[in-house]
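**Student:** Take a look at this one; I'll ask things after.
The values are calculated or read from the model by the stated rules, or taken from the named source; none is laboratory data. All figures in this text were calculated on a predicted structure; none of them were measured in a lab. Ideal geometry is used to build each Cβ from the backbone, glycine not excepted, and the neighbour counts take in all protein chains shown.
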Amino acid sequence: MEIEVSQDKLSKALNNVSRIAVGRVTLPVLNNVLIRVDNGKVSLVTTNLDMAVVDYLPVSSSKDGVTTVPAKLFAEFVSNLPKGEVIKITSDGPKVTVSAGKYQSSLNGSPADDFPELPELDETKAVIFKIGIDEFKQGISQVAIASSNDLTRPALTGIYFNTYDNILAIAATDGYRLAEKKLVKNVQSEISVIVPTSSLQEVLRSIGDDMDEVEISFNDDLVRFRLGEVEIISKLIDASFPDYRRLIPKDNNIHISLRRDELIRVTKLAALFARSVSGSIICEAKAPNTFSVKSVASELGENDSSIETEVTEDTKINLNSRFLIDALNSLDDKEVIISLASRIGPAVLQNKTNDDYTHIIMPLSS
Amino acid sequence: MYNVWENVLAEIKQKVSDGNYSTWFQDTSLISTDNGHIVIGVKNSFHIKQLKVKFSDIIKDALLKNNLEVKVIDFEVQSGSKPRVRTREITASDIARETSIKPRRTTTSSNTPSFNNGLNSKYTIESFVIGSNNDVAYAAARSIIESPGDRYNPFFLYGGPGLGKTHLVQAIGNELVRRNPDYKILYTPISHFYSDFVDAIKSGKGKDFNRKFQKLDCLIIDDFQLIVNKEKSQEEFFNIFNDLYQLNKQIIVTSDRLPSQIKTVDERLATRLTWAGAFDLQLPKFEDKCAILRTKAELMGAEIEPEAIEYIAENVNTNIRDLEGELSTILLMSEVRNLTPLELIKSGSASISHTNSKIRPTSSKQIIERIAKYYNLTVKEMCSKSRVSNIKTARQIAMYILSKELSMSTTKIAAEVGVKDHTTVMHGINKIGSDLKTNFTLRDQLAEIKESIYD
């Protein structure tokens with residue numbers, strides 16, 4: 001096998017694939033990146049057996065062949081070479097020689113036969129969506145924040161892609177809060193799958209400046225993301241996601257419009273005095289025009305800030321301050337609407353100008 | 001079967017490296033061996049290809065050594081290969097929500113009947129919970145299923161919202177169709193009936209309108225009370241009713257009150273509708289509510305503690321729809337929170353929603369004034385000691401509303417409406433509460449008063 005490629009392109013590709021090549025004692029080959037040249041097409045592949053990253057590398061010249069080398073070491077070596085150099089990679093059995101001008105090193109690879117075979121997506125049966133990169137990136141980060149990392153409840157460790165009323169929506173919940181984003185309107189296909197949040201975060205990290213669209217293909221138990229030269233394949237979580245749309249309260253009738261930056265400030269102030277584990281703060285609405293955020297820490301003191309806004313009815317709710325800040329940071333309008341009920345119930349947060357993104361926080365018992 | 005797989009694994013272990021064994025084989029299981037069709041369960045989709053390509057010979061050898069017939073080896077992702085910590089499983093009816101992909105939306109399935117009868121197959125006679133509140137109506141329904149168009153024709157069913165009228169009549173329809181697929185049934189809410197009728201007139205086919213009904217074997221009309229002020233539709237319905245009745249076709253009508261209590265319903269039609277009697281569905285008693293909740297939970301395949309059921313039954317006093325809504329909310333929340341329903345209720349995060357919670361608090365004085373005004377009395381008259389029946393009723397209504405809407409104590413109410421002590425108030429509230437179940441005029445009045453209070 002032989003490849004000639006420019007340093008910047010190789011370095012970028014290696015940085016991208018080597019993140020998931022993390023040590024597994026039982027199967028050391030997973031630390032390696034698979035370099036395959038097949039009919040002049042060069043691909044770099046890594047996997048952690050939950051997902052795989054494939055980067056197709058544009059090269060100046062190549063000879064067919066396949067080998068594997070330790071991913072982290074290779075990536076670091078290449079990134080320290082001078083920019084603009086042309087790097088030549090040749091393999092002879094398990095020995096891989098990397099040379100660039102006067103720099104040369106030889107890496108101990110291992111046979112490509114040991115590298116696991118990757119699952120392939122059956123294109124004919126796949127459901128495919130194409131989404132603008134900015135919407136995708138924003139949507140996933142807005143929702144991922146509510147996702148859980150409790151491995152005993154696998155369904156909640158992923159982001160739920162589902163369709164209803166011709167909308168593709170994504171949602172995540174950890175049982176205490178829930179976030180939903182309407183990602184694409186007017187979709188024809190139907191889908192209901194849970195994609196691991198960790199895989200999606202990897203997809204976000206792989207997004208480069210020059211990309212403008214992501215192609216997502218779902219199969220029975222696989223999902224594939226295509227971003228330019230990068231392909232990420234991930235397993236799906238085999239579990240059922242709660243029927244979350246029924247958790248969105250419909251009868252919250254007290255809608256309070258607030259400036260987002262102001263609310264963030266008072267919440268942060270209150271959070272300083274909310275030192276218990278749950279970071280509980282009290283949000284109180286008083287008709288006709290006061291919304292106040294309070295917290296008390298008996299050993300430190302207390303805090304009480306209020307914002308002037310139109311309030312139709314009195315109500316009070318205890319919320320986790322961290323969750324509230326997370327939610328406010330996920331919203332992006334200048335003004336946000338917080339909807340409460342007169343009885344104790346979940347708080348609903350949305351942007352003032354649209355309802356594409358909904359964030360729900362369960363109240364704490366006071 | 002489990003043991004065989006242990007042996008097969010032991011065999012494989014000798015042939016592959018420890019690393020390979022623990023990565024690829026550790027969490028596998030043998031799902032089936034039918035006629036040489038071997039299905040092996042694996043942890044996730046990343047394992048399938050590897051096992052297929054690299055290890056299928058080894059697996060085959062090991063299976064053969066253990067005297068298993070091998071024709072094809074298939075792999076399946078099986079999350080159950082590693083038991084997960086889950087306190088409670090919701091499955092059964094929730095299977096539909098399992099992660100699955102439908103490749104493309106298919107428009108119509110082949111087995112839908114050629115004739116759209118408007119019935120929803122989720123309402124079955126089996127899932128109808130029988131209790132002291134509905135056993136008479138249920139018995140009549142069964143008799144209709146046995147011999148439609150016979151004894152209970154027309155079948156007139158009435159009761160408040162959310163008590164199961166629609167469920168029962170749809171169940172009759174579904175059961176009739178199940179027994180005889182050629183049976184022509186039409187279920188239609190009266191609102192569709194008159195909007196269809198208006199459309200027919202608009203397009204000049206008014207005369208043909210009743211033709212589509214004449215071919216029916218059974219006509220089910222839901223929410224008949226909404227026919228108020230639609231005189232022309234009423235006349236048309238009257239004609240259709242007569243036609244079908246002459247031919248001994250079953251007619252089923254539901255309403256939230258008796259026909260004679262619906263304003264502007266022709267007297268001839270009103271008497272005809274109740275020829276064969278009127279059957280009512282009442283509010284379920286505590287025991288009935290428990291039974292309903294238990295059946296519903298069973299249908300959903302969920303486990304719920306008896307204490308939790310009693311809690312819900314005690315706290316929801318409106319109707320069965322609210323009862324089921326509350327149950328599914330609690331089950332859902334407990335699934336999300338990973339608590340059992342009882343733990344959830346005890347943690348206080350399941351506050352039963354009161355249907356009137358949207359109402360803004362009003363002062364007791366205002367309420368009393370409005371009620372007095374509604375009954376054309378002065379506040380002084382109403383809050384006197386007069387025993388005149390209409391004044392007394394107005395006073396009792398005031399007690400009832402103050403107690404239900406403002407949750408005032410009986411002693412306080414006594415002072416507000418000028419009666420001697422709280423026992424009088426308690427009697428008044430009970431009296432109105434029980435009258436409401438049977439007296440529809442009173443129910444209407446109460447609704448109108450509430451409207452005027454909260455307007």
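**Student:** So which residues in the range A:180-219 are more than 14 Å from chain B (Cβ to nearest Cβ) and in a strand (DSSP E or B), if there are any at all?
**Tutor:** A:LYS181, A:LYS182, A:LEU183, A:VAL184, A:LYS185, A:GLU213, A:VAL214, A:GLU215
**Student:** Among (1) modelled with pLDDT under 80; (2) within 26 Å of the chain's Cα centre (by Cα), where does B:GLY204 come up short?
**Tutor:** In the conditions (1) modelled with pLDDT under 80; (2) within 26 Å of the chain's Cα centre (by Cα), B:GLY204 misses (2) alone.
This table checks each residue for (1) over 23 Å from A:ILE360 (Cβ atoms); (2) modelled with pLDDT of 85 or more.
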residue: B:LEU283; (1), (2): yes, no
residue: B:LEU293; (1), (2): yes, yes
residue: B:ALA302; (1), (2): no, no
residue: B:THR318; (1), (2): yes, no
residue: B:SER328; (1), (2): no, no
residue: B:THR340; (1), (2): no, no
residue: B:GLU343; (1), (2): no, no
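**Student:** Further question on the same structure: Condition first: farther than 13 Å from B:GLY162 by Cα and out of contact with any Lys or Arg (no Cβ under 6 Å at 6 or more places or on another chain). Now tell me which residues in the range B:310-323 satisfy that. Let's see the steps before the verdict.
**Tutor:** Keep residues of the range B:310-323 that are farther than 13 Å from B:GLY162 by Cα, which gives B:310-315.
Matches in the range B:310-323: B:GLU310, B:TYR311, B:ILE312, B:GLU314, B:ASN315.
**Student:** For the range A:23-48, name all the residues that are more than 14 Å from chain B (Cβ to nearest Cβ) and surrounded by fewer than 16 Cβ atoms within 10 Å (Cβ to Cβ).
**Tutor:** Once the filter is applied, which keeps residues that are more than 14 Å from chain B (Cβ to nearest Cβ) and surrounded by fewer than 16 Cβ atoms within 10 Å (Cβ to Cβ), the range A:23-48 yields A:ASP38, A:ASN39, A:GLY40, A:LYS41.
**Student:** Can you work out which of the residues in the range B:260-285 that are within 25 Å of the chain's Cα centre (by Cα) and surrounded by 17 or more Cβ atoms within 10 Å (Cβ to Cβ) is farthest from B:PHE224 (Cα to Cα)? Even if it seems obvious, please write down each step before you answer.
**Tutor:** First, pick out the residues of the range B:260-285 that are within 25 Å of the chain's Cα centre (by Cα): B:278-285.
This time we only want the ones that are surrounded by 17 or more Cβ atoms within 10 Å (Cβ to Cβ), so: B:278-284.
On the way: B:ALA278: 13, B:PHE279: 14, B:ASP280: 14, B:LEU281: 15, B:GLN282: 18, B:LEU283: 20, B:PRO284: 23 Å.
Here the answer is B:PRO284.
**Student:** Additional query: What is the residue count in the range B:13-70 for residues that are within 14 Å of chain A (Cβ to nearest Cβ) and basic (Lys, Arg)?
**Tutor:** Residues meeting the conditions: 5.
**Student:** Further question on the same structure: Which condition number does B:MET399 fail, the rest of (1) surrounded by 16 or more Cβ atoms within 10 Å (Cβ to Cβ); (2) in contact (Cβ under 8 Å) with a residue 60 or more places away in the chain being met?
**Tutor:** Only one criterion in (1) surrounded by 16 or more Cβ atoms within 10 Å (Cβ to Cβ); (2) in contact (Cβ under 8 Å) with a residue 60 or more places away in the chain is unmet by B:MET399, namely (2).
**Student:** Could you tell me which numbered condition A:THR163 fails, if it satisfies all but one of (1) at the interface with chain B (Cβ under 8 Å from one of its Cβ atoms); (2) farther than 30 Å from A:VAL17 by Cβ; (3) among the polar types (S, T, N, Q)?
**Tutor:** A:THR163 satisfies every listed condition except (1).
**Student:** Name, by its number, the condition in (1) out of contact with any Cys (no Cβ under 8 Å at 6 or more places or on another chain); (2) over 28 Å from A:GLN138 (Cα atoms) that does not hold for A:ILE325.
**Tutor:** Among (1) out of contact with any Cys (no Cβ under 8 Å at 6 or more places or on another chain); (2) over 28 Å from A:GLN138 (Cα atoms), the lone unmet condition for A:ILE325 is (2).
**Student:** Looking only at the range A:81-129, count every residue that is of a type in the set (S, T, N, Q) and within 14 Å of chain B (Cβ to nearest Cβ) and tell me the total.
**Tutor:** Taking the range A:81-129 and keeping what is of a type in the set (S, T, N, Q), we get A:90-91, A:97, A:99, A:104-106, A:108, A:110, A:124.
The next check asks that each one be within 14 Å of chain B (Cβ to nearest Cβ); those that pass are A:110, A:124.
Within the range A:81-129, residues that are of a type in the set (S, T, N, Q) and within 14 Å of chain B (Cβ to nearest Cβ) number 2.
**Student:** Can you confirm whether A:THR358 is more than 14 Å from every other protein chain (Cβ to nearest Cβ) and surrounded by fewer than 16 Cβ atoms within 10 Å (Cβ to Cβ)?
**Tutor:** On the way: more than 14 Å from every other protein chain (Cβ to nearest Cβ): yes; surrounded by fewer than 16 Cβ atoms within 10 Å (Cβ to Cβ): no.
When the stated conditions are applied, A:THR358 does not pass them.
**Student:** Another one. From the list A:ALA271, A:ALA239, exactly one residue is part of a helix (DSSP H, G or I), at pLDDT below 90 and touching a helix residue (DSSP H, G or I) at 6+ places or on another chain (Cβ under 7 Å). Which is it? Write out each step before concluding.
**Tutor:** Numbers: A:ALA239 fails: part of a helix (DSSP H, G or I).
It is A:ALA271.
**Student:** Kindly provide the set of residues from the range A:222-246 that are at the interface with another protein chain (Cβ under 7 Å from one of its Cβ atoms), surrounded by fewer than 22 Cβ atoms within 10 Å (Cβ to Cβ) and closer than 20 Å to A:ASP122 by Cα, ordered by number.
**Tutor:** A:ASP238
**Student:** Mind listing just one residue for me: the one in the range A:1-22 that is farther than 25 Å from A:GLY84 by Cα and crowded, with 19+ Cβ neighbours inside 10 Å and, of those, nearest to the other protein chains (Cβ to nearest Cβ)? Please lay out each step first, then the result.
**Tutor:** Within the range A:1-22, the first condition is being farther than 25 Å from A:GLY84 by Cα, and the residues that meet it are A:20-22.
Retained after the next criterion (residues that are crowded, with 19+ Cβ neighbours inside 10 Å): A:20-21.
Working: A:ILE20: 12, A:ALA21: 14 Å.
Looking at the filtered set, the residue picked out is A:ILE20.
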